[in-house]
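Quick notes on the structure that follows.
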Amino acid sequence: MGFTLDELITVTFTLFAVIDIIGSIPLFISYREKMGELNAAKATIISGALMIIFLFLGENFLSILGLDVRSFAVGGSIVIFIVGLEMVLGVEFFKTEADPRSGILVPIAFPLIAGSGTLTTIMSLRANYPITPVLLGIVLNLVVIFIVLRSLNPIEKLLGPGGLLAVRKFFGVILLAIAVKIFTTNVGGLIK
């Protein structure tokens, strides 16, 4: 059960880099404009639940569905690619539902926060580290996620409309590149 501070720091920063909550700020602001006020607590709880479920049951859950980690990653990469296209082209692919709160699950909690990259990283960390630092790393990242989601209004005011548009386009291209990387890394193992 024991773990070192180095393990906790490594796990926490690995998850922080993969989740990329700071890079996703323009996306969250964009979806908040479409959906109305974003419920930071609900988005954090749902994404946290997905992460913790995958920590304990990820591989079993995928195998029950007849899926492997690569298939899951490819599916998630396609959703991330579409979200990136929305940001770059200014076109809406994810239509808002009659109930705007439904957008909290897709695409906010999954795949933007707890996406295929995050969930597969959690399963990989679980294989390489004791469960306690991985669980604590998830919790620490959830605190950061909640703070960022609660701070969208001041961040938007700080950037202004022009700055927000520039950042949104820039991170849209970054998301497209991440999606392509996840896709190409995993699709080779699926084609037989």
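Where a number appears in this text, it was derived from the coordinates with a stated rule and is not lab data. Please read these numbers as outputs of a predicted model, since none were measured by experiment. Counting neighbours? That spans all protein chains shown, and the Cβs are built from the backbone with ideal geometry, glycine included.
Observations on the structure shown:
- Residue with peak Gaussian network fluctuation, the chain [Cα springs, cutoff 10 Å], from Ile113, Ile182, Ile131: Ile131
- Here Ile174, Ile191 are placed in order of increasing Cβ neighbour count within 10 Å, fewest first, which gives Ile191, Ile174.
- If you take all other residues with their beta carbon under 15 Å from the beta carbon of Leu125, and give Lys and Arg +1 and Asp and Glu -1, the sum is -2.
- When only Cα pairs below 8 angstrom with a gap of at least 6 residues are kept, the chain shows a relative contact order of 44 percent.
- Acute angle (nearest 10 degrees) that the helix 25-35 long axis makes with the longest principal axis of the chain, alpha-carbon atoms: 60
- Principal-axis tilt of helix 40-64 within the chain, Cα atoms, nearest 10 degrees: 40
- Part-to-part distance (alpha-carbon centres) for segment 124-192 and segment 12-38, which is given in Å: 7
- Angle between the chain longest axis and helix 131-150 axis [Cα atoms, degrees, rounded to 10]: 10
- Cβ-based exposure ranking for Asp68, Asp20, Asp6, in which fewest neighbours within 10 Å come first: Asp6, Asp68, Asp20
- Helix content alone sets the calculated 222 nm mean residue ellipticity of the chain: runs of n ≥ 4 DSSP H residues at -39500 (n - 2.57) each, divided across all residues, give -25500 deg cm²/dmol.
- Other residues within the sphere of radius under 15 Å centred on the Cβ of Ile113, judged by their own Cβ, net out at +2 (K and R +1, D and E -1).
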